[in-house]
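> What follows is a single structure, and I will ask about it in a moment.
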Amino acid sequence: MSISPPHSSDDGSENELERLLKLAVSEPAHRPAFFRALLDATVLVLGDSGQKEQDGEITLDAGSQVNLQLWEKQDGTRTIPFFSSVEVLQKVIEEEQPFVAMPARTLFEMTAGADLFLNPKSEYGKEFFPEEVALLLREGGLSKPVEKVVEQDTQLLLGQPEEYPSAMIDALTTLFSQRKPVRRAFLALMHDKSVDEKPNLLIGLEVDGTPQEIEMLIHEAGSVASETAPNDEPVDFCVVSDSERGISHYLISHTQPFYQRKWGGWLRNIIPSSGTA
């Protein structure tokens, strides 16, 4: 993820998308939440729709005709600027210009194949290349997990990495602390000689939740791991359970979790305190 670094002080208010973008600059653990918020956000683009307002609003979809401004970057290529709020937009334009508000997802769909830039010339910004936009629309993030089925009679070698992947573990710990379904998380090194030439890092997750929630969690964790794993090494994920043997037994019985949900804080969140009469 290529995000421009800050170059000026921030003295204004910020919305949730801007807050998450600021966190995502330096902490990969916050990037899944930023991408989710962006796909659900309404953004501003310079240009006009050629439509007349009805009751003060214009409804746009991916098939709408919109005349969008293109900005030229320093390397001579062009990008479509879009903005997270009126306040950010006002700070970067030198004269009054028309703009259109539309869902970010609609903007991505109607500009397929183009470069886009969120909040250019601002303290925090994010450039989106065509392949990133396509992946974001399809997968909800900038990485695509690949499901691997391990046959029952496959021989796996399990152990611990010689060099502890501190940056990746710190980022995953931050992510899991924001996701209540995660009970515990374990780290190992796994080698399936029939598939891989060398061992891969393995993260085992003990989780509560629906299959859809678990799939989304692994997708997010995989995205974070792909950006923080040492030497861009591949990282495998699996769901562990006390009732299963094999990998689950090894992780639960022979390793210590690097993350464990704090039950006291979780209970305080879901059990209201009783008042006195």
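> Average projected area of the Cα convex hull of the range 157-267, in nm²?
Its average projected convex-hull area is 7.3 nm².
> 5 Å is the cut-off here: which amide hydrogens, built 1.01 Å from N in the peptide plane, fall below it relative to V43, excluding neighbours closer than 5 in sequence?
For V43, whose amide H was placed from the backbone, the distant partners under 5 Å are M102, A104.
> Could you pull out the pairs from K22/K91; K22/K198; K22/K121 whose alpha carbons sit more than 25 Å apart here?
K22/K198
> So how much slack lies between D242 and K180, counting 0.36 nm per residue of separation and subtracting their Cα-Cα distance, in nm?
Length gained between D242 and K180: 20.4 nm.
> What whole-number distance in Å separates the alpha-carbon centres of the range 116-130 and the range 171-231?
29 Å
> Could you sort 18-25, 228-235 so that the peptide with the highest average Cβ count within 10 Å comes first and the rest follow in order?
18-25, 228-235
> What residues have an amide H closer than 5 Å to that of F117, excluding those fewer than 5 places away on the same chain, when H is modeled at 1.01 Å from N in the peptide plane?
The answer is I80, F82, F128.
> Apply the Karplus curve 6.51 cos²θ - 1.76 cosθ + 1.60, θ = phi - 60°, to the phi angles in the range 17-26 and return the couplings in whole Hz, x for Gly and Pro.
4, 5, 4, 5, 4, 4, 5, 5, 4, 10
> Quote the FRET efficiency, to the nearest 0.05, computed for I93 versus Q260 with a Förster distance R0 of 51 Å and r equal to the Cβ-Cβ distance.
Here the calculated transfer efficiency is 0.55.
Computed from the coordinates by the stated procedures, all read-outs in this text should not be read as laboratory data. Model, not experiment: these values are computed from the prediction. For neighbour counting, all protein chains shown are included, and Cβ atoms are generated from backbone atoms with ideal geometry for every residue, glycine included.
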